[in-house]
Amino acid sequence: MSDVFISYSRRNEEFVIKLHEALKVKDCESWVDKQEIQVGADWWREIQEAIAKANTFVFVITPDSLASPICRNEVDYAASLNKRILPILRIEVKKDIELKMHPALKKHNWLWFQETNDFDQVLEKLLEAIDTDPVHTKEHTWLLSKAIKWDGKLRKDGFLLKDDELKEAEQWLAESESKEPKPTELQVTFIENSRKVEDANLQAIQILKDAEEKAARQVKFGSAVLVVTLLLSVVAGIFAAKSTNDANEYAKLVIDKSIDGVEQLSQNNQQLEALTESIKTLDLMRVLNQKNNQSNFDRLNAVISKVQEQNRLQGHSEKVLGVSISHDGKLIVSSGMDKTILLWNIEGKLLDRSMKQTGSISSVSFSRQNKNEFVSTSTDGIVKLWVVRNDNKLSVKSQFTQKIFENVFDAKFNSDNTIIALSSGDGTVRLWDLYKTSKREQLDLVNAKNFSKHPDKIKGYGVYSLDFNSKSDIITGQPHTFLNILI
């Protein structure tokens, strides 16, 4: 960084060299393009970097500099960065030329640095102006350089501020309202984004810490509620900080703690629980993009290879097509080609069996919020919303009385439990608004062809599976090599 950037016309080079040397004697570092830019360098990029890294922008006013497009561009860029601009008049300019000069030069007081003026006296005034509020000005320059680098790196979070640097930047921003130079919009955005990521980062760490403590207590007391189940809460914290470089480390730690819990269950001879939680951990590894860690797979395989105990839920007379677990982990519903729905408790006891439906039940899916509600779809196009009563008996809460599709393959609730998305064999997705007060039987149609990045490949394919993410975007799967995201 330099104290001063000097913008001038080449025709005034002799004066600028003299000024540069005089400032150097006074321990004030100045930057002039003739001396600093290397041969073959990206000239304008070097100029921009030098302006950004200078605490003060000095413009040498002469008829030649005011007529120079390059000098005007330099002033323009300095003004866009809210740089402190100090115009010095070297050669008198005509009134008509003065009227056309850059607004940033007009609004500042000029220092008269003509040949008739005492050079040393004016130099002292210039140094005094340069040294006004140096702490604020240098912080402005430092933050600006950081913000420009962050912006140039596609605003990646690894280039944001954190810890003490962030606190100091926030304090500087709070004190800048009555000072010059003012913060730029980029600086403000840079500091605000740094705070958001820092808070998410700290929140994720706290969530992980709390989950670890709770998980340790559960294992200590021999509960079948494994670390994995408890650590699922950490996923929210990880995704809150997913744009930081630390997110991958959190994910690794979550998986490591999960496998620790699986191994603890195996050591306690809770074989079925160990097997179940191994499967959950494998799925968690997929979600958190930790599939390539061979050590984790080896640890889980060692546990799974010891499992001999099995628990089969036998009740369907034909192939099972769908299964879902209630969000509190206490109930299971299953469906199949025998056209029935079975309700089980988590230990595998059969609680209830629906009456035989008119078509094979292709899928069942519990609500994300209501532990007693689930939706079913069938190959005859019928969709039903079910409720598990207090006596653990199944009851139809709502259904479509008319045929919706030729067949319905899948159904999922959105995150706030207000909409059910339905996929079909005709290549469409329909949305069932559960709280419509009128025309409740009608469904909003979402055609995958309209939303896909590959519309030419959608036509004629059924939508076999779908799901919502946390933002209620819909992800669908079809018999080709890509997924569709419907917003």
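Side notes on the structure shown:
- Listed by position, the strands (runs of 3 or more DSSP E) enclosed by the range 382-473 that each have at least 1 residues that are under 27 Å from residue 320 (Cβ atoms), among the polar types (S, T, N, Q) and modelled with pLDDT of 80 or more are 394-399, 419-424, 465-468.
- Close pairs from the range 367-385: first closer than 19 Å to residue 338 by Cβ, partner surrounded by 20 or more Cβ atoms within 10 Å (Cβ to Cβ) and acidic (Asp, Glu), Cβ under 8 Å, at least 6 apart: 377/410
- Any hit, the range 76-86, residues being touching a helix residue (DSSP H, G or I) at 6+ places or on another chain (Cβ under 6 Å) and over 24 Å from residue 133 (Cβ atoms): no
- Just one of the listed residues (189, 184) is closer than 21 Å to residue 2 by Cα, at pLDDT 90 or above and surrounded by 13 or more Cβ atoms within 10 Å (Cβ to Cβ), namely 184.
Table: residues versus (1) under 34 Å from the mean Cα position of the chain (by Cα); (2) surrounded by 13 or more Cβ atoms within 10 Å (Cβ to Cβ).
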site	(1), (2)
108	no, yes
111	no, yes
126	no, yes
134	no, no
142	yes, yes
150	yes, yes
157	yes, yes
165	yes, yes
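- When we screen 382, 361, 346 for residues that are under 41 Å from the mean Cα position of the chain (by Cα), more than 25 Å from residue 426 (Cα to Cα) and hydrophobic (A, V, I, L, M, F, W, C), the only hit is 346.
- Qualifying residue in the range 123-132 (condition: aliphatic (A, V, I, L, M) and touching a helix residue (DSSP H, G or I) at 6+ places or on another chain (Cβ under 7 Å)): yes
- Hits in the range 329-351 - residues which are free of Cβ contacts under 8 Å to residues at least 40 places away in the same chain, among the basic types (Lys, Arg), more than 15 Å from residue 380 (Cβ to Cβ) and touching a strand residue (DSSP E or B) at 6+ places or on another chain (Cβ under 8 Å): none
- Strands (runs of 3 or more DSSP E) wholly inside the range 274-365 containing at least 2 residues that are at pLDDT 85 or above and buried (at least 18 other Cβ atoms within 10 Å of the Cβ): 320-325, 331-336, 341-345
- Given (1) under 17 Å from residue 202 (Cβ atoms); (2) buried (at least 17 other Cβ atoms within 10 Å of the Cβ); (3) modelled with pLDDT of 60 or more, number of the condition residue 237 does not satisfy: (3)
- Filtering the range 49-78 to residues that are in a strand (DSSP E or B) and either under 34 Å from the mean Cα position of the chain (by Cα) or charged (D, E, K, R) (or both) leaves 54, 55.
- For the criterion of being of a type outside the set (Lys, Arg), under 30 Å from residue 275 (Cβ atoms), without any contact (Cβ under 8 Å) to a residue 60 or more places away in the chain and in contact with a Leu (Cβ under 6 Å, 6 or more places away or on another chain), residue 354 passes.
The values are calculated or read from the model by the stated rules, or taken from the named source; none is laboratory data. Keep in mind the model is a prediction, meaning the values are calculated, not measured. Please note: Cβ atoms are built from the backbone with ideal geometry, for glycine as well, and neighbour counts cover all protein chains shown.
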